[in-house]
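Take a look at the structure set out below.
The values are calculated or read from the model by the stated rules, or taken from the named source; none is laboratory data. This structure is a prediction, so every number in the text was calculated from the model and none was measured. Here the Cβ is made from the backbone with ideal geometry for all residues, glycine too, and neighbour counts use every protein chain on show.
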Amino acid sequence: MAINRSVSTIVPNVSKDTIREIIEKVDEQEFLYRKTLNLPELYTFGNEIEFNCIFENKLPYLVRRFNTKHALYEDERYETRNEETAGGEVVTPVLTDKYYNWYLLEDMYKELLFTGATIGENTSSHLHFGTHMINTPKELALLLKTLVVFEPIIFKFGYGYDNHPRSFIEALEGQINYSKMMSPRKVKRFVRVLENFDMDNPNGMMKEFYNFGTGKDRYRAVFNFNTFDFKKFFDKEIVEKPSQYDHIEIRCFNGTLDPKIVQNNVNLIANIFRCVHEGKIDEAYVEGEYKKYIQHKYSFDHPTAVLYNRDEIKEYNDVLRSFNDVDWDKALKLADMIFDTELDRLLFLKQYLKLFTKENKKEVIARL
């Protein structure tokens, strides 16, 4: 694979011949479900599995199976679709990168398939990641900048086997169900707060943290910091200890009943966290791209954006649709920066490029 680990950056505007070599190597790589991702021991994550259409006669079995210490069936998410089927959500326990946890996750998906569960345009696969290792405002600012700089890559990668996001906004009335992109206006303000963090003003700082986490936006953003433990920034002693009350939620992933896709999703975000925590992020690159990012001026990017305006909806859909385009330079840069092994990079690119079928391979090559 034409990614040189002896240098810190990818040469921009990679050649078509090099791209073809990468495509061939990615195409040859089998998509895997691994026993471990070799993540640091303290890293934690969890999975919300949304689904449709389980058979009603399987519902008692599903509730008995998942309402245990190992998982939770969300009864309030239960919704009858018709007289015979229903949809709902299952939440995993807090997991770590251990073989038995990956076995548990795979087994949960097998049990859901047994109930007749399906996924569709209205389902997502939300992931939660413990952020106990992000212990300074500077680290959090860098994490946020990295996420929004690579947001289009994460979105397209997050479509799983598909090449489109979970749904576009097509209605002007009723509840609109979508994962809102991060707001450049909101991110810019919050990063400024983090970079000017005032240890002696806990009340003022907590107010700013609360405004960023919730604010007046009707829908939670795709990178949801509502459950990040900002109070730890005021602790005199840093303790890297996992807590269910200290995590962020990634909401852009399409619904899936394939644990291989979920594991690959976890691997991407966890390695972004790892590189931020370990100081391996190319800060010069991220800062340069972040300056471009905050220049975005979307008409739907305002404090009370609900997107009932037809022009705003069209603009939002157009922006989201643009994430379907392959950004070779940025995708290769991310792969090179956060992954240490060729296997990780190949599996990342396989899902990002959707090289699961020969038809997809032909389509990607045709667009070069």
Have a look at Lys35, Lys110, Lys25, Lys58 and point out the one that is at pLDDT 90 or above, more than 30 Å from Ile338 (Cα to Cα) and not aliphatic (A, V, I, L, M). Lys110
Thr85 modelled with pLDDT under 80 and surrounded by 13 or more Cβ atoms within 10 Å (Cβ to Cβ): yes
What's the number of the only condition in (1) modelled with pLDDT under 85; (2) surrounded by 18 or more Cβ atoms within 10 Å (Cβ to Cβ) that Tyr210 fails to meet? (2)
Selection status of Glu48, touching a residue at least 40 places away in the same chain (Cβ under 8 Å) and of a type in the set (Asp, Glu): yes
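Residue by residue, here is whether (1) touching a Lys or Arg at 6+ places or on another chain (Cβ under 7 Å); (2) assigned to a loop (DSSP other than H, G, I, E, B) holds:
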residue: Met133; (1), (2): no, yes
residue: Leu140; (1), (2): no, no
residue: Leu143; (1), (2): no, no
residue: Val148; (1), (2): no, no
residue: Pro152; (1), (2): no, no
residue: Lys156; (1), (2): no, no
residue: Tyr159; (1), (2): no, yes
residue: Asn163; (1), (2): yes, yes
residue: Phe168; (1), (2): no, yes
For region 91-115: of the residues being surrounded by fewer than 17 Cβ atoms within 10 Å (Cβ to Cβ) and either free of Cβ contacts under 8 Å to residues at least 24 places away in the same chain or not assigned by TED's automatic domain parsing to the domain that holds Glu249 (or both), which is farthest from Pro40 (Cα to Cα)? Lys110
